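One structure below.
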Amino acid sequence: MRLPAVTRGARLWAPACLPLIGQEREVASSNKQAHGPSYRLVAASGPPSGCVAPRVGCQSGNVSGQSDGLVLSLTWLLGAPREQVFRALSEPAALAKWWGPSGFTIPEIELDFRVGGRYRFSMQPPGGDVFHLAGEFLEIEPPRRLAYTFRWEEPEPADQETVATLSLDTRGDHGDATRLSLSHGEFASQARLELHQNGWTESLVKLRELLGSG
């Protein structure tokens, strides 16, 4: 996930404080709400709700630039069971609460949650114009693995389609924590990788707060 370049207009950053997703699963709607995001869920997804555990922070992160190309790797420890984390990664109502850097909102999500299905996020930066992220689901293995292509519809010259893979491993004495491992690439340049690293980091902070604020 990127931090857009300054040349994209007034895409500035501001802190965001987001509430915990409710224990009841929100059903997506094709009608845009007057004061909230619009969701269009084409295929149902996600396991039942799990309980919330204490929040844990970022564990590690690194950038790979070997012969395989420029690939971003991040590892976070999250204070929630992996079933709950997977739901937050795959359900529109949850995604809208944490996706995107600080200050961003997600006014619309289209999600066909199946292998070969497509997604499209409308991303609203503070003080700037809406832009869009789209892609296709390559792997869906609840609750342990999710992979999808990652393509900006209004790309920077150095942007290219990449693949994001998220793996979830159970941690904690009672399975009440999850290690999230992210691999995202291959990027065309070090600068684009670093921008996406910042964007993912800010998004995962919001995900951690979403899972741990209750």
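Read-outs: derived from the displayed coordinates by stated rules, not from any lab. As the structure is a computational prediction, the values presented were derived from the model and not from experiment. We place every Cβ from the backbone using ideal geometry, glycine too, and count neighbours over all the protein chains shown.
Applying a DSSP loop filter and a limit of 10 other Cβ atoms within 10 Å to the trypsin sites (Lys or Arg not before Pro) in region 134-206 leaves nothing.
With R₀ fixed at 30 Å, the C-beta to C-beta distance from GLU141 to SER189 puts the FRET efficiency at about 0.45. Reported to the nearest whole Å, the Cα centre-to-centre distance from region 113-176 to region 65-105 is 8. Would you mind calculating the relative contact order of region 78-214 from Cα pairs under 8 angstrom and at least 6 residues apart, reporting the percent as a whole number? Normalised by residue count, the contact order of region 78-214 is 26 percent.
For the pair ARG151 and HIS132 in one chain, pulling the backbone fully straight at 0.36 nm per residue adds 6.0 nm over the alpha carbon distance. Among 118-125, 156-163, sorting by the average number of other beta carbon atoms lying within 10 angstrom of each residue, highest first, gives 118-125, 156-163.
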